[in-house]
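Each reported figure results from applying straightforward, stated rules to the coordinates on display, with no laboratory input. Keep in mind it's a predicted model, so treat the numbers as computed, not measured. Cβ placement follows ideal geometry from the backbone for every residue including glycine, while neighbour counts extend to all protein chains displayed.
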Amino acid sequence: MRVNNSRKKTDIEFFTHTLTGTKDTKMSTEDRYPFSEVEPKWQQTWRDTGVHKVDLDAPGDDKMYVLVMFSYPSSSKLHIGHWWNYGPTDTFARFKRMQGCNVFEPMGFDSFGLPAENYAIKVGTHPREVTESSIASIQEQLYAIGAMYDWDHSVITSRPEYYKWTQWLFLQLYKKGLAYQKDGMVNWCTSCQTVLANEQVQQDGSCERCGNIVIQKKMKQWYFRITDYADKLLEGLNDIDWPESTIKRQQNWIGRSEGANIRFALDAMPEEYIEVFTTRPDTVFGVTWIVLAPEHPLVSSLTTAEQKEAVNGYIEQAMRATDVERTSTTREKTGVFTGAYVRHPFTDKKIPIWIGDYVLGSYGTGAVMAVPAHDQRDFEFAEKYSLPMEVVIRPPHEMLEPEEMREAYTEPGMMVNSSNFNGLQSEVAKKVICEKLEDRNQGGLAVTYRMRDWSISRQRYWGAPIPVIYCDKCGVVPVPEKDLPVQLPDNVKEFRPKGTSPLGAVDEYMNVTCPECGGPARRDPDTMDTYVCSSFYHLRYLSSDKTGEAFDIERLKNWMPIDVYVGGADHSTGHLIYFRFITRFLHELGISPVEEPAKKLIHQGVIKHGGIKMSKSKGNVVNPDDFVANYGSDVFRMYLMFMGDYREGGDWSDEGITGIDRFINRIWRLVTHFGDGALDTGIPQKADYPKELYRTLHHTIKSVGEDLNNFAFNTAISRMMELVNEIYHWVGGDVQDSKVDQEAAKRLIQTLVTVLAPFAPHFSEEAWQRLGGKESIFTVKWPEFEEEALLQKTVTLIVQVNGKVRDRIEAPSDTDNETLKTMAMASDKVQSYLSEGTLRKAIVVPGKLVNLVIT
RNA sequence: GCCGGGGUGGCGGAAUUGGCAGACGCAGCGGACUCAAAAUCCGCCGAGGUUCACCCCUCGUGAGGGUUCGAGUCCCUCCCCCGGCACCA
């Protein structure tokens, strides 16, 4: 590899120089930043002195909770994704700290879950061993990033001291009726042998964790009633500074639909009815049949004897189909007639009842009314089975005839063929119909959500046990809080999934006495979805040193909400909904002071390499270790920030990193040359520098600060590079022979290093000491810019003729528009253009330009 | 199909939100230093034309139209790439 070769050569040179003590060239051993000595030294010093420790009980006026999504210890190696996430976030956190905020930037491990368990099975060890050793190893490596994590306030979700509170949370939800059991269809991963939440099934119908096919299976499961919070979760989106795309995704995921429920009485049993949900009650007169989902509870009772065979055959076939097949838009809609009829609520017309697997049992009422003229799916269904069509909505300017229609008319319009509702516009009609239905007790306004309740039971070992006991006498008995945690037993012989939880085979675990009656009872053998663990970790970070309570409410009051939350957009409809839900729930319990956990959310972009997304399967993954070994941690993390916009992602280049390496070493040479002696605490004085340089210094301070607040690390680094380039022009390319005022140069470099510190913490700490600093640079205030230094006495304006740049003029910045215009017109270069026509107009933008319009 | 985000030199990417397109970096080219190379420092670096050269001119931000004194930026139509949702009645 190219990078290795060039670096090795330097190491050899370095070595030779040191050995022989050669000083005959101008470059000395000091000329390269000795990261391999500096970085471990400061990592150790920071650990020893506890400079990053935070007193959570003293939040101060300017608290700042910076949270980056914690990671899954799936291997014992830090990969580039960790650096990409943690490095820039830490730069932001350090910047805020230097600006005087009391910053809390915690780190922990989301350590329960399938990857560790699957890995443990593969290598034949215990999941706990795999997990704990990965955590120990990763935590050690995290020091290398140079982040200011305070490990006194960490969480590890697979430890009893954490999952005790996961179970406690379950019990609180249970008490409020928000945790319940339901026998229903669930997503079942055939390979992981466990249930998955909808959020864990990928678009192609495969398992998020292992990629294998997911089928539907009927099982008794625990659910959290997140649908109760659907509206609140929607409304909350208005109050937070989150990416537009994520807000949209959550809105779509929650999928609120307003419409009506309409009851159709059964023809054979008028006291029974089928209720449908529709968003188009205005089309009710166009109903020509209704369709039930195959799993609809009334199907078997209403199917006629003649149709029984056909219906049963159809259901059997439908149930065999996977959910992917059933919901594929390209699949032809199918159905079968039940032989039964309902009566139309307004016309009393007889309407046939069909079943069709494109109707989902889990959405709305599991039954729909078919209006083929105004719904595309119904239209196709009508064509296939030759069912009648009734036009009841007229487009603004034309009349529709059923036989001419090639597709359904789904836009709003005016009601026709709808008895005494004729002439109403769709939007009005919806309300009127709903009122009418309510009057007649035949339905009314209804709201339905696409989001389903959150299924949390997992038939796997490596998770937080569900704290529930089943007693023959008492039924479902929650484990009393005083008995928490329900410890995950170690003595499990077989972790391999087989359709039921491995815990079910551990008799010592399963057999308990009922907390209520003292009789024999059994535990729930399942464990909880790991998203439960991560739904409250942001609150537990603030209390993880407290063993007797879940949350230190006082601290929560002082520190919540999270000021900036950083993590992947892939969690948009998973974790990021769950943790909002649980925060809201805890808010209602009086625990969380806020309804919304995170004020601001930032998604890191995707790292590319060679123009394509970095991934194992593409084989283009960059191993951080190689580059950290060759360039050091600061250069590596800084290059990641420089590659591109943090939110957009960037394209890694093995060569590109040399740009940052050179930049750091350019500063290093300035530091080693001008850094002798004690620290001069003075700030750079205007008189000591060329006017432009002084201005650039303050401009840099200003724009780097603004950029950091915006997570615009790439442009911030560019600004610092510009300053360094300008400093070199001032001191002269050859630093050793520089004639500039030593003290003035030193003050300038001190300021530069302070600005740089959040980006390159080890480097800056070392540089600061060499410049004479005694305290850690992170106790130093990040510099403030002088507004006055940014002002220019004269400005350069461009002179345009008809929008094209023709000249530039220098003018005092307070010159009035009329004078600017005269000056522009006096320009030699402009004269020839002026003579070609007549001046029609002059646009003067002070400080920017003069545009002369000529025809 | 719907919802987001994009398309700018050889490459990664900037552009104060309508005001000098290409900051900064990589690569490349030239010079200084050196016996030499590396490193370092200085300079050049969108395309075309014109010119000994300095200058100067024309074109140029996926394509086409529009608004405007002025458009990478705003509007309309279209193409392509990335991510998400997708029979939700």
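Details
- About the centre of its Cα atoms, segment A:733-835 shows a dipole size close to 320 debye [charges on the beta carbon of Lys, Arg (+1) and Asp, Glu (-1) only; nearest 20 debye].
- Taking all Cα-Cα distances within segment A:454-607, those exceeding 21 Å account for 57%.
- Here's the thing: no lysines lie within a cross-link span of A:LYS350, going by alpha-carbon distance under 16 Å and ignoring same-chain residues fewer than 8 apart.
- Whole-angstrom Cα spans of segment A:393-491 along principal axes, big to small: 75, 35, 22
- Cut-off under 5 Å, modelled amide H: who pairs with A:GLU272 long-range: A:LEU266
- Hydrodynamic radius by Kirkwood, which averages 1/r over all alpha carbon pairs of chain A, in angstrom: 32.3
- Peptide ranges A:174-181, A:710-717 listed from the most packed, as the mean C-beta count within 10 angstrom indicates: A:710-717, A:174-181
- Dipole axis of chain A (+1 Lys, Arg; -1 Asp, Glu on Cβ), positive-most option in A:THR815, A:GLY255, A:VAL284: A:GLY255
- Amide H within-cut-off set for A:GLY574, under 5 Å, with H built and near neighbours excluded: none
- Cα centroid of segment A:553-623 to Cα centroid of segment A:334-362, whole Å: 44
- Over segment A:31-83, the hull volume per residue, using the convex hull of the C-alpha atoms, is 182 Å³.
- Cross-link reach list, lysines versus A:LYS53, counting only Cα pairs under 21 Å and skipping chain neighbours closer than eight places: A:LYS41, A:LYS63, A:LYS96, A:LYS546, A:LYS557, A:LYS774, A:LYS781
- Placing a label point 7 Å from the Cα of A:ASP62 along the Cα-to-Cβ direction, the residues of segment A:102-135 with a backbone N closer than 20 Å are A:102-106.
- Three-way shape call for segment A:180-266 based on the alpha-carbon gyration tensor, with the a/c threshold at 1.5: oblate
- Rounded to 10°, Cα long-axis angle of helix A:2-20 versus longest principal axis of chain A: 40
- Here A:GLU648 and A:GLN376 are evaluated by their C-beta separation; at R0 = 41 Å the FRET efficiency comes out at 0.65.
- Cα Rg over Rh - segment A:773-855, Kirkwood: 1.34
- Farthest toward the positive end of the dipole of segment A:572-686, out of A:MET643, A:HIS587, A:THR672, is the Cα of A:HIS587, where the dipole comes from beta carbon charges about the Cα centre.
- The angle separating the long axis of helix A:244-254 from the principal Cα axis of greatest extent in chain A is about 20 degrees.
- Selection from A:PRO783, A:ALA230, A:ILE121 lying farthest towards where the dipole of chain A points positive, charges on Cβ: A:ILE121
- Extension gain, A:LYS220 to A:ALA678, is 157.6 nm, computed as 0.36 nm per intervening residue step minus the present C-alpha separation.
- In order along segment A:775-789, phi translates into HN-Hα couplings of 8, 4, 4, 7, 9, 8, 6, 5, x, 10, 8, 8, 4, 5, 5 Hz, rounded to whole numbers, per the Karplus curve 6.51 cos²θ - 1.76 cosθ + 1.60 with θ = phi - 60° and x for Gly and Pro.
- In order through segment A:645-652: 3J(HN,Hα) via Karplus (6.51 cos²θ - 1.76 cosθ + 1.60), integer Hz, x for Gly, Pro: 5, 4, 6, 8, x, x, 10, 5
- For A:ILE843 and A:GLU481, the difference between the fully extended length at 0.36 nm per residue and the C-alpha to C-alpha distance is 122.8 nm.
- ³J(HN,Hα) computed for each position of segment A:359-367 - Karplus, 6.51 cos²θ - 1.76 cosθ + 1.60, integer Hz, glycine/proline x: 8, 8, x, 8, 10, x, 9, x, 8
- Where Rh is the Kirkwood radius over Cα pairs, Rg/Rh for segment A:548-662: 1.14
- Interchain or long-range residues, amide H under 5 Å from A:VAL621's placed H: A:SER615
- Taken along the Cα-to-beta-carbon direction at a fixed 7 Å, the label points for A:ASN710 and A:VAL853 span 3.1 nm.
- Taking the square roots of five times each eigenvalue of the Cα gyration tensor of segment A:582-650, the equivalent ellipsoid has semi-axes of 37, 15, 12 Å, listed largest first.
- Surface/4 of the Cα convex hull for segment A:341-387, nm²: 3.8
- Debye equation applied to the C-alpha atoms of segment A:121-185, log10 I(q)/I(0) at 0.13, 0.21, 0.28 Å⁻¹: -0.63, -0.95, -1.17
- Assuming charge only on the beta carbon of Lys and Arg (+1) and of Asp and Glu (-1), the dipole of chain A about its Cα centre is about 780 debye to the nearest 20.
- Between A:ASP183 and A:ASN252, the simple spin-label model (points 7 angstrom out along Cα→Cβ) gives 3.6 nm.
- Segment A:706-846 - Rg (one decimal) and Dmax (whole number), Cα, Å: 22.3, 69
- Largest-first ellipsoid semi-axes for segment A:665-711, taking √(5λ) over the Cα gyration tensor eigenvalues, angstrom: 23, 16, 11
- Projected over every direction and averaged, the convex hull enclosing the alpha-carbon atoms of segment A:57-115 yields 4.9 nm².
- Debye intensity ratio in log₁₀ form over the Cα atoms of segment A:133-223, taken at each q of 0.19 Å⁻¹: -0.99
- When each of A:GLU132, A:GLU407, A:GLU596, A:GLU516 is scored by the number of other beta-carbon atoms lying within 10 Å, the sequence from fewest to most is A:GLU407, A:GLU516, A:GLU132, A:GLU596.
- Relative to the longest principal axis of the Cα atoms of chain A, the long axis of helix A:691-709 makes an angle of roughly 20 degrees.
- FRET efficiency estimate (nearest 0.05) - Cβ-Cβ, A:GLU588 to A:LYS557, R0 22 angstrom: 0.90
- Calculated FRET value between A:SER301 and A:THR49, using beta carbons and R₀ = 60 Å, to 0.05: 0.20
- Here the simple spin-label model places points 7 Å from the Cα toward Cβ, and for A:TYR470 and A:LYS349 these points are separated by 5.0 nm.
- Violating pairs (Cα-Cα greater than 26 angstrom) within the set A:LYS220/A:LYS473; A:LYS804/A:LYS841; A:LYS220/A:LYS333: A:LYS220/A:LYS333
- In terms of other Cβ atoms within 10 Å, A:THR855, A:THR796, A:THR751 run from fewest to most in the order A:THR855, A:THR796, A:THR751.
- For segment A:597-670, the Cβ-based charge dipole about the Cα centre amounts to some 340 debye (Lys, Arg positive; Asp, Glu negative; other atoms uncharged).
- Burial ordering of A:ASP183, A:ASP688, A:ASP634, fewest other beta-carbon atoms within 10 Å first: A:ASP183, A:ASP688, A:ASP634
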